[in-house]
């Protein structure tokens, strides 16, 4: 039954052209990340070559090529920003559509008077949406490999492993937003409100929570005193320990470690940064499965 | 009366403080076509939602072929087919694809063959490959009936099946219901306002008034009981008057 629901949802995503638009968008941003990486590489190497010629003419030793000091996958560092911004929005929409189409058509009355259970239905929808994201990210991976080969000429097995790790991490991160899209659709009655709520949650996760969990003291950027007089520091003392709650920051840290674009951290630390995303995903899945049991599927189709 | 297929005992349902079904006792026999009548908001759709396992009653019991609609949901859903009011299916998919999907969810082994046979049986094989989103109300209703019987249920629930149909569509639906009852032996439970249709199709009727079952008998017995009334509409009004 889960497979039947998932296949049906995948077919609908294809027919509604959501899959095509999402795939094109993600491939385009991956290509843009590659082009930006290639462009900066090309410009810097040209400047370096010119500097080498000038240094050689002056009889001085040439400095090392800066790109020899950078990891190969640093070319894709922009993807660490694109995934939480564009990828997460796409995941929200896919999760949202998985639920609201059936609700607005009153399909629950046809589905739940059959052998399928609500748990199977929800799992089928989640499977279809996450499978779609996986296929999209595989496409992004192929574009990334093409971009890396165009710039670096070679791609070692270690880089390929890191690239795979990055996209697996991105898939887990985006799955959280699929579940947010599904859950908001189950919690609200109107489809427009459901989408707005989902976007609200995305905004909070992506922009608001990182501000509160960064431990940064806004007054310190204006006045470099460690302890501004007369100001309570308790809030900042607490929030600087709350960084694990910001899954977007944890994702960026883990992705940076995997791609090698941030200062190298031990593997265990990288694994620990992934844990909050996994906990969030599991918690949301439990909430979806709990909520769908209580959802009123006896309601008729709405005209919204 | 033949062996009861649908049985309600003291059935109650409450939305917050509003009691919409009040101790409804009802028994419907094998092969009957039952017309459930009542004003808007009388509780007919709530009763149907309970019988089709979409809603749990807040009191009493309901069984289909002896299976409880709450505790034996899996068996009940195997036995029933349901055509809701205002049926909509996946508009981006063809009629055959919709039926095949719903047949799979009903556990039909060869869902594709079942979809094709059902469309042929209802004389709408020409609609098989067309997308449901392009269908008229009448076509949608025919595909709605097809999805309700694609797994050959024992009991068919129809909620306001003639609503929105033109006279030809109403006639076609009436003939389909009689055909299903005659050929496949389906017991039919129909919520409707169309008293003219009830008199032409149903073998028994029940009248629900503010959640209370105020009348239940066969059409023949009803006509005998109210010899002075010219039509079922007059009888319906009379029953309502007697109850109040």
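Observations on the structure shown:
- Nearest-ten-degree value, helix A:18-57 long axis tilted from longest Cα axis of chain A: 0 degrees
- A simple packing score, the average count of other Cβ atoms within 10 Å per residue, orders the peptides B:190-200, A:95-105 as A:95-105, B:190-200, with the highest score first.
- Taking every residue in B:64-74 and counting other chain Cβ atoms within 10 Å of its Cβ, the average works out to 1.
- Of B:137, B:77, B:17, the one that fluctuates the most in a GNM where chain B has Cα springs shorter than 10 Å: B:17
- Spin-label model distance (nm) - residue B:30 vs residue A:190, 7 Å beyond Cα toward Cβ: 5.2 nm
- Partner shielding of A:110-122 amounts to 6, given as the average count of beta-carbon atoms from other chains within 10 Å of each residue beta-carbon.
- For a label point 7 Å along the Cα-to-beta-carbon line of residue B:238, residues of the stretch B:197-231 with backbone N under 11 Å: B:222-231
- Acute angle (nearest 10 degrees) that the helix A:191-203 long axis makes with the longest principal axis of chain A, alpha-carbon atoms: 30 degrees
- Relative to the current alpha-carbon distance between residue A:158 and residue A:234, full extension at 0.36 nm per residue lengthens the span by 22.9 nm.
- Over the stretch A:128-177, the Kirkwood radius and the radius of gyration, each from Cα atoms, give a ratio Rg/Rh of 1.04.
- Sites residue A:207 and residue B:171, calculated FRET efficiency, Cβ-Cβ separation with R0 60 Å, nearest 0.05: 0.50
- In this structure, residue A:15 and residue A:286 have a Cβ-Cβ separation that, at R0 = 22 Å, corresponds to a calculated FRET efficiency of about 0.10.
- Seen against the Cα atoms of chain B and their longest principal axis, helix B:232-243 is set at about 50 degrees.
- Between A:64, A:276, A:84, the GNM of chain A built on Cα springs shorter than 10 angstrom shows A:64 fluctuating the most.
- Here A:52, B:150, A:138 are placed in order of increasing Cβ neighbour count within 10 Å, fewest first, which gives A:138, A:52, B:150.
- For B:99, A:90, order by how many other beta-carbon atoms lie within 10 Å, fewest first: A:90, B:99
- Label-to-label distance, nm, for residues given as residue A:25 and residue A:44 (7 Å Cα→Cβ offset): 3.0 nm
- Shielding by partners - mean other protein chain Cβ count within 10 Å, residues of B:100-110: 5
- With both residues required to sit in the protein assembly as shown, DSSP beta bridges show an antiparallel share near 55%.
Bear in mind that the values in this text are calculations on the coordinates, not laboratory data. Please read all numbers here as calculations on a predicted model, not as lab measurements. Heads up, the Cβs are rebuilt from the backbone with ideal geometry, glycines too, and the neighbour counts pull from every protein chain shown.
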